[in-house]
1. Among the residues of the range 81-122, write down those that are closer than 22 Å to residue 48 by Cβ, touching an Asp or Glu at 6+ places or on another chain (Cβ under 9 Å) and polar (S, T, N, Q).
2. Given the conditions (1) of a type in the set (S, T, N, Q); (2) touching a Ser or Thr at 6+ places or on another chain (Cβ under 7 Å); (3) more than 24 Å from residue 47 (Cα to Cα), and given that residue 98 satisfies all but one, which numbered condition is not satisfied?
3. Residues that are open to solvent by 70 Å² or more (accessible area, probe 1.4 Å): list the helices (runs of 4 or more DSSP H) wholly contained in the range 28-128 that include at least 3 such residues.
4. Condition first: in contact (Cβ under 8 Å) with a residue 40 or more places away in the chain, open to solvent by 40 Å² or more (accessible area, probe 1.4 Å) and assigned to a helix (DSSP H, G or I). Now tell me which residues in the range 17-27 satisfy that.
5. Give me a count of the residues in the range 153-175 that are more than 17 Å from residue 36 (Cβ to Cβ), open to solvent by less than 20 Å² (accessible area, probe 1.4 Å) and not aliphatic (A, V, I, L, M).
6. Could you tell me whether residue 150 is open to solvent by less than 70 Å² (accessible area, probe 1.4 Å), assigned to a loop (DSSP other than H, G, I, E, B), aliphatic (A, V, I, L, M) and more than 30 Å from residue 57 (Cβ to Cβ)?
Amino acid sequence: MSRVVHWLQHHETRVFHFVNQRIQHFFLDHFFNKITHLGGATASIAISLCFALFGQDPLRTAGIQALLALTISHIPVAIIKKKYPRLRPYLVHPQTITYKNPLTDHSFPSGHTTAIFSIIFPFVTAVPALGLILIPLALIVGISRIYLGLHYPSDCIVGCLIGTTASLVTVAIWG
């Protein structure tokens, strides 16, 4: 079992270093620094709340579902972060490239990735064509967290799974 865990950690660290150090580019620095905030609390709550309050159905319903999914998804995130306190990559790997105001709380799972995935699926369910934009956008937010040195790939994968699950369950129960 420990061989498997060691192998996974080794390969995850390699993927992290590739994304964080090898694909560095001036354009990507600015792009990822901006796009990452779509998974933050301010943007995810504001977007969902605006649709819930001011949208026309089916987007109004999607906004309400997104708010509910966002709330539900962050319960396991808070529990897991407390139970499995994983240091952020830049605190473990000194060569990590970080940007403005790196976070100091625990990295596992990624709250930004959880948030963006928890809010997109009600909108994709309401208007399926939005999936062509929203799903790649959510994936880019997850990648931005690695690029910015704040999360390992597994932090983002688990965040994606939690957010997506909360979102799909919310839509299934609501509908």
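1. 110, 113
2. (2)
3. Values: elements: 41-54, 59-83, 89-92, 111-126.
Filter on the range 28-128 gives 41-54, 59-83.
4. Here is the first cut: in the range 17-27, the ones in contact (Cβ under 8 Å) with a residue 40 or more places away in the chain are 17, 19-21, 23-24.
From what is left, the residues that are open to solvent by 40 Å² or more (accessible area, probe 1.4 Å) are 21, 23-24.
Passing the criteria: only 21.
5. 2
6. Values: open to solvent by less than 70 Å² (accessible area, probe 1.4 Å): yes; assigned to a loop (DSSP other than H, G, I, E, B): yes; aliphatic (A, V, I, L, M): yes; more than 30 Å from residue 57 (Cβ to Cβ): yes.
Spelling it out, residue 150 is indeed open to solvent by less than 70 Å² (accessible area, probe 1.4 Å), assigned to a loop (DSSP other than H, G, I, E, B), aliphatic (A, V, I, L, M) and more than 30 Å from residue 57 (Cβ to Cβ).
The values are calculated or read from the model by the stated rules, or taken from the named source; none is laboratory data. This structure is a prediction, so every number in the text was calculated from the model and none was measured. Cβ atoms come from the backbone with ideal geometry, glycine included; neighbour counts cover every protein chain shown. Heads up: the accessible areas ignore ligands, DNA and RNA and are worked out on the full protein's heavy atoms, side chains in. Shrake-Rupley method; radii C 1.70, N 1.55, O 1.52, S 1.80 Å.
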